[in-house]
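Chemist: Structure incoming, see below.
Every number in this text was worked out from the coordinates using simple rules, so none of it is lab data. Given the structure is predicted, the values throughout are model-derived calculations rather than measurements. Reconstructed Cβ throughout: ideal geometry from the backbone, glycine too, with neighbour counts over all protein chains shown.
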Amino acid sequence: MKVYNVLHRKKEEFIPINSNEVKMYVCGMTINGLAHLGHARQAITFDMIYKYLKLKGYNVKYASNYTDVDDKLVLQAKQMGISPVELADERIEKINTTWKNLGVSEPDYRPRVTKTIPQIIEFIENLIKKGFAYETGDGDVYFDVKKFHGYGMLSNRKIDELIDSVRIESADNKRDTLDFALWKHSAGDDFGFSSPWGIGRPGWHIECSTMIKTYLGDQIDIHGGGKDLIFPHHENEIAQSYCANDCDLAKYWLHNGLITINGQKMSKSLGNFMLVDDVLKTYDSEVIRLAILTNHYTSTQDLGDDALALAEKNLYYFYNMLQDISQFEISENMDLVNKFFENMDDDFNSSKVIADLFVTCSNFSKAKNSQNASIIASCLPFIQNVLGIFKQSPSQFIQNIKQKYLKILGINSIEIEQAISCRQNAKLQKNYVLADDIRNKLLDKGIILKDTKTQTTWDIKQLY
Ligand SMILES: [Zn+2]
């Protein structure tokens with residue numbers, strides 16, 4: 001199996017540090033809002049990777065945190081008159097439900113910053129003791145970047161280049177531009193935790209380094225996250241962890257690409273933030289999964305209206321094929337199964353898995369026979385398990401989508417059945433003008449008719 005290791009900017013053979021055990025950590029959400037499609041892409045990507053590694057027989061230990069200490073969250077809680085922990089609890093419950101609705105499995109560990117404070121303090125104390133961090137005297141602690149010679153290894157940049165990309169905060173009392181906060185004192189009566197440096201809050205980067213150490217150990221096999229986290233977040237995690245633990249933090253760094261919405265970067269100012277819960281009101285969760293997994297996880301991907309509508313159409317097509325294969329006798333056929341493993345072994349290429357399935361379904365639709373049906377049916381359990389799609393009963397899924405569109409089109413199935421039977425009668429009476437008229441009227445309403453030798457069925461025009 002090969003994975004693209006961002007640390008070395010190339011695909012590498014995947015060999016876990018400790019025989020069959022895989023330790024994986026993915027930076028989770030900061031709880032200052034609910035999950036949007038960008039979060040969904042990351043969650044679904046690493047859910048797929050987690051499930052595939054397990055399918056390959058690895059003993060996977062997967063941790064993904066919730067950052068439940070954050071300036072915005074503290075401010076929001078203050079405005080609502082509740083404690084930040086209370087607000088975080090509420091949000092996490094909602095977000096967990098969102099993941100469940102998206103078919104994202106719970107990681108083995110879900111650490112939270114508020115529950116890891118003693119370990120974070122211990123981590124910082126260790127860095128100070130070893131001379132890699134310093135106190136400013138006003139209750140802040142900074143990491144001394146110049147003390148770590150490997151800084152910039154992940155983002156492949158030199159320290160001087162990095163200085164330009166760091167925002168200088170005037171209030172900071174640090175020795176060097178690149179130094180980053182491990183602990184910041186809380187101003188006035190602001191929310192914070194007691195520490196040897198007074199009441200304050202941990203910096204974002206130290207939280208991840210500590211949670212990894214606490215839940216998985218000093219070294220892990222896979223560290224994941226979105227591409228936007230490479231610098232400074234992951235660079236800082238590497239620096240802190242190496243200096244504290246005297247070993248590399250992670251062997252493989254995997255980053256999912258970012259998403260755009262209708263061609264634009266997703267941002268609050270553009271008002272194009274799409275919350276997963278809102279998208280789920282319009283689309284089945286498998287539509288979102290298919291839309292995301294149709295692209296390789298490292299690519300930039302558009303998840304706007306067109307992409308979701310296309311994924312729905314494709315999923316509908318696949319489910320129709322799955323319904324059709326159930327009429328055939330199925331025997332084991334490893335053709336597509338082998339391709340599935342080949343593709344997934346090549347840096348989790350779900351995009352190729354789906355493309356191959358398309359080709360197979362297209363072959364089946366041209367020659368509906370047992371052999372072609374068997375090729376699809378044999379691979380189905382693997383796709384269901386790892387990609388989390390096709391887990392519903394085909395007839396139920398088809399029914400649900402049809403109902404959704406009938407509502408939009410403002411027509412119901414009884415009216416359609418009646419029209420079909422009128423057309424049937426017209427045909428029997430050789431009144432082809434009336435029969436065609438009925439067909440055209442349905443077509444105008446968005447309904448297509450399909451005639452076979454024995455019967456006429458209907459479907460939604462928009463889905464073809
Ligand atoms: Zn992190």
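Chemist: In degrees, nearest 10, range 0 to 90: what is the angle between the Cα axis of helix 394-409 and the longest Cα principal axis of the chain?
Modeler: Rounded to the nearest ten degrees, it is 90.
Chemist: Would you mind calculating the gained length between residue 93 and residue 12 on full extension (0.36 nm times residue separation, minus the Cα-Cα distance), in nm to one decimal?
Modeler: Length gained between residue 93 and residue 12: 25.4 nm.
Chemist: Under a crude label model (7 Å from the Cα following the beta-carbon direction), how far is residue 317 from residue 101 in nanometres?
Modeler: Output for this residue pair reads 2.8 nm.
Chemist: Let me check I've understood the local charge: for residue 88, count other residues with C-beta under 10 angstrom from its C-beta, Lys and Arg +1, Asp and Glu -1. What total comes out?
Modeler: Values: positive: 91, 112; negative: 68, 70, 86, 89, 90, 93.
With Lys, Arg at +1 and Asp, Glu at -1, the net is -4.
Chemist: So, one more: Suppose each label sits 7 Å from its Cα in the direction of the beta carbon; what would the residue 458-residue 161 distance come out to in nanometres?
Modeler: With each label point 7 Å from Cα toward Cβ, the separation is 6.2 nm.
Chemist: OK, next. Once R0 is set to 25 Å, what does the formula 1/(1 + (r/R0)^6) return for the Cβ-Cβ distance between residue 451 and residue 413, expressed as a FRET efficiency to the nearest 0.05?
Modeler: Working: r = 18 Å, r/R0 = 0.71.
After rounding to 0.05, the efficiency reads 0.90.
Chemist: Still on this structure, I have one more. Compute the relative contact order of the chain as a whole-number percentage, counting only Cα pairs closer than 8 Å that sit 6 or more residues apart in sequence.
Modeler: Relative contact order of the chain: 15 percent.
Chemist: Another question about this same structure. Taking loop as defined by DSSP and a crowding limit of 11 other beta carbons within 10 Å, which chymotrypsin sites (Phe, Trp or Tyr not before Pro) in the range 176-222 fit?
Modeler: none
Chemist: Assign one of three labels to the range 2-261, namely rounded, prolate or oblate, based on the Cα gyration tensor with a ≥ b ≥ c the square roots of its eigenvalues; rounded applies when a/c is under 1.5, prolate when it is not and a/b is larger than b/c, and oblate otherwise.
Modeler: The shape class here is oblate.
Chemist: What's the angle, to the nearest 10 degrees (0 to 90), between helix 37-55's Cα axis and the longest principal axis of the chain?
Modeler: Compared with the principal axis, the helix lies near 90 degrees.
Chemist: Figure the gain on full extension for residue 189 and residue 268 (residue separation times 0.36 nm, minus the Cα-Cα span) and round it to one decimal in nm.
Modeler: Roughly 25.5 nm would be gained on extension.
Chemist: Continuing with the same structure: Tell me the angle of helix 413-428 to the major Cα principal axis of the chain, expressed in degrees between 0 and 90 and rounded to the nearest ten.
Modeler: 30 degrees
Chemist: Calculate the spin-label point distance for residue 126 paired with residue 433, positioning each point 7 Å from the Cα along the beta-carbon direction, and give it in nanometres.
Modeler: 8.9 nm
Chemist: Tell me what the chain gives for mean residue ellipticity at 222 nm when only DSSP H runs of n ≥ 4 count, each as -39,500 (n - 2.57), the sum divided by the residue total, rounded to 500 deg cm²/dmol.
Modeler: My calculation for the chain gives -15000 deg cm²/dmol from helical runs alone.
Chemist: Excluding residue 290 itself, what net charge comes from residues whose Cβ is under 12 Å from its Cβ, given Lys and Arg +1 and Asp and Glu -1?
Modeler: 0
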